[in-house]
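In what follows, a single structure is set out as structure tokens and then discussed.
The values are calculated or read from the model by the stated rules, or taken from the named source; none is laboratory data. No experiment lies behind these values; they were computed from the predicted model shown. When we count neighbours, we look across all protein chains shown, and the Cβ atoms used for this are built from the backbone with ideal geometry, even at glycine.
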Amino acid sequence: MNNLKMVFAIMAILFVGIVALPYAVSLFAGQHTWYDLSGGGNDIPCEKCHADIAEEYQDAFAHPLYAPHKTYPCSHCHRISGFGENNGTERTYASGDGNGSIPGNQTHAAVTVQCMDCHDMNFYGRPLNTSTMVHHAFNPQYQTCGWGGPPEGGPRNCHAPPRCGWNITMIRAGGFGLTDFDNMSGYYHKPGVTWPGDTGSKAAHRSFVLAAIENNTLEGANEACIACHTHERVEMNFNVMTELNITVNNSYTQSSSFWNVTGMEVSNYTTYKEVKEG
Amino acid sequence: MNRGIAFVFIFIAVASILMFTSTDVITLFANQHAFISISGTGNQISCTGCHHHIADELNHSAIHDDLNCEACHRFTGTGITFASGDGTGSTPGNESHAAYTPRCLDCHGGRGVWVVNKTGSSVHAPPAPAFNETGYGSNVSAHKPLVKQALDYNLSVGENEACLACHTNYSIKFGFRRPGYFNFTWNKGSGDSGSFTLSNIGYGPTNSTTVSKSESGAKHEFKAINQIKCEDCHSDIWHAANHSESNGHGSTRASHVCWKWYKSGSGGGGGHGGDDPMHNVTCVYSEYGISNCPNDCYDNITEYCMLSCHKPRINPSATIPPVFLETAHAAYRLSCYHCHNNTAYSNAFWSIPRGQYDTPEFEHSGGHDTIDDEALSEPLFLQAETCISCKRSGDRWGDGTYKAYTEPNNTMLYEGSPI
């Protein structure tokens, strides 16, 4: 009886082998289904790999006042061009697949942007007298998205009404003293649109921003920007002094005496953790 | 064998999971693309998201707990432009982006300012008298050196260390340095009208006294005015003054202040109550459960310090010593002679124990003769010591050598013997 079971089992395995063996199973299905790059713009769905980020965006649509950037396609930030240092030629992406196509220079598909690429006080894009008009503001994509701001619905777009054209004054983040006053010409500043008041002399968070710039965890000052302006979870360890030591001296001459503070220093530091939940 | 089979199955399971999940890209920091809307009016970014600890301190604060963070840290009264808005009329910010560390005097300087509290009401931040003036006011304001030096030390913004020292639960450790004692000799010329001279003045080596105002250390736990205690920072002085025990010469062993002397009763002290002057330290004893309290008239030690000497209640219709025409913040820096050297001031200040305006004068005549002129030519701290030592010795009218130790030591010697 046991032998009969064994015979049936061998027959079943052989049958499966005969039927299945002619098929070669690829390790990763779909790897030969190529995207068509011949269209305009970006034809590769960023969301395929970055579904979690796309989900963050989708969640925001449920908010009555859509948070900033939510209406932008990924490419608005991560394939931005005509902007920043070196007359806006710092970033050349791969694009096209026919005449005029570019393989890409500093990057192929996308860049990790610094928040301050768009929001700082220095880079205005190419000068107005440029003949090529490659600044991203001239890209139709940047002039159509956005709803014009709440409460009508949605955030304002950088270059859509009520903003327009080159105008980025409304999205600048100042008050950190990061303006490069030594480079006040060309693409650094549009004449008359500089921001000489950007001293940051009283900014409580300036050291945070400067430390973020020095830290390489994220690009530029992004750690600081993201900590405050997003729902990112943040843990902070504050080391604060709780005591002041004061030395007071009763000084005197032959005819007068007076109290004088001759020493003052902080001490007795204590550390506590703050957690900003996402 | 079973263990080997189990290991194979686990390996296959882990490998399968890795194969299925290895194509997913995980973002390093979740929610970094979930931006906070800043389109509305006011500040939409929660300060307390990162600063719970400070918010908690403020919630336990006697004052300022009605203010939100922005009232102080986005105060625009000093001309700071913060980042605000995101449309027409928006500004990137100049001197600061989100917030600044304010000087206390930003709101409490000048004539004070009006700020909006949590409920939307305008509330007045009162000025800090004397310190709201250019140069922090008069030199008779006892704490002016502290405020002035706080600015110079630049440990925090402006003069804040000085403000925090008294007005918050910030801990303070003082090191008071004084001459350890004073030596001096009184001589009287021959005859009843002989002049007094003060000689052989010497100062002992510097003595350092540590006083700790030990609190929670919280700089955002602000105190109400009636929670500020003089003795927290000046316990050395209170220690010297708080001696009600008799010294056998008609006085007590108290120093720093003279509140009892041998000319007692209504006839003594020029009819001003030698046993019961306004400086009587036992007038606060009942507050601390001590029964030796002839006249329970001060609510606490601070009120005693202030109303009996360093900020007395002034008679608005009397001639008052010039020093009190100046503005002091918490306390005046005084010696006995600021009040007791002119008959014109005899009703300048309110004596709480006596329930009337009453300030005994030390006339430059009679028994005192030139003794006051001699004392007044000496440094301020010695002026008081000459008065107190003389009273403690039994009013010997000058002759003799004294040694007066300084706070917190209350020891005084006359011709080498304790008095």
When you look at A:Y93, is it out of contact with any Asp or Glu (no Cβ under 9 Å at 6 or more places or on another chain) and either at pLDDT below 70 or assigned to a loop (DSSP other than H, G, I, E, B) (or both), yes or no?
-> yes
Please indicate, with yes or no, whether at least one residue in region B:256-271 is at pLDDT 90 or above, under 24 Å from B:L382 (Cα atoms) and in contact with a helix residue (DSSP H, G or I) (Cβ under 9 Å, 6 or more places away or on another chain).
-> yes
With respect to B:G87, determine if the residue is farther than 28 Å from A:S257 by Cβ and at the interface with chain A (Cβ under 10 Å from one of its Cβ atoms).
-> yes
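Let's see how each residue does on (1) at pLDDT below 85; (2) touching a strand residue (DSSP E or B) at 6+ places or on another chain (Cβ under 6 Å); (3) surrounded by 10 or more Cβ atoms within 10 Å (Cβ to Cβ); (4) in a helix (DSSP H, G or I):
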site	(1), (2), (3), (4)
B:R3	yes, no, no, yes
B:S16	yes, no, yes, yes
B:M19	yes, no, yes, yes
B:T23	yes, no, no, no
B:L28	yes, no, no, no
B:I38	yes, no, yes, no
B:N43	yes, no, yes, no
B:T48	no, no, yes, yes
Matching residues, region B:143-156, being more than 15 Å from B:A130 (Cα to Cα), within 9 Å of another protein chain (Cβ to nearest Cβ) and either in contact with a Pro (Cβ under 6 Å, 6 or more places away or on another chain) or surrounded by fewer than 22 Cβ atoms within 10 Å (Cβ to Cβ) (or both) = B:Q149, B:D152, B:Y153, B:L155, B:S156
Residues being in a loop (DSSP other than H, G, I, E, B) and either within 13 Å of chain A (Cβ to nearest Cβ) or of a type in the set (S, T, N, Q) (or both): count how many of those fall in region B:163-204.
-> 7
Restricting attention to region A:224-246, which residues are buried (at least 17 other Cβ atoms within 10 Å of the Cβ), part of a strand (DSSP E or B) and either more than 7 Å from every other protein chain (Cβ to nearest Cβ) or not acidic (D, E) (or both)?
-> A:T230, A:V234, A:M241, A:T242, A:L244, A:N245, A:I246
In region B:310-336, which residues are outside any loop (DSSP other than H, G, I, E, B) and surrounded by fewer than 20 Cβ atoms within 10 Å (Cβ to Cβ)?
-> B:H310, B:I314, B:P322, B:V323, B:F324, B:L325
So, in region A:31-66, of the ones that are hydroxyl-bearing (S, T, Y) and modelled with pLDDT of 85 or more, which residue ends up nearest to A:S95 (Cα to Cα)?
-> A:Y35
Test: residue in region B:229-244 that is farther than 23 Å from B:L382 by Cα and in a loop (DSSP other than H, G, I, E, B) = yes
Taking region A:261-278 and keeping residues surrounded by 14 or more Cβ atoms within 10 Å (Cβ to Cβ) and among the basic types (K, R) leaves A:K276
Considering (1) within 23 Å of B:R396 (Cβ to Cβ); (2) at pLDDT 85 or above, say which one B:C297 fails and leave the rest.
-> (1)
In the set B:S377, B:S346, B:S351, the lone residue that is farther than 30 Å from B:N295 by Cα and modelled with pLDDT under 95 is B:S377
How many of the residues making up region B:90-105 are under 25 Å from B:N132 (Cα atoms) and facing another protein chain (nearest Cβ under 7 Å)?
-> 5
Considering each residue of region B:109-139, count those that are over 17 Å from B:H73 (Cα atoms) and in a loop (DSSP other than H, G, I, E, B), and give that number.
-> 15
Residue by residue through region B:111-141, note down the ones that are surrounded by fewer than 19 Cβ atoms within 10 Å (Cβ to Cβ) and either closer than 23 Å to B:A331 by Cα or within 14 Å of chain A (Cβ to nearest Cβ) (or both).
-> B:R111, B:G112, B:P126, B:P127, B:P129, B:N132, B:E133, B:T134, B:G135, B:S138, B:N139
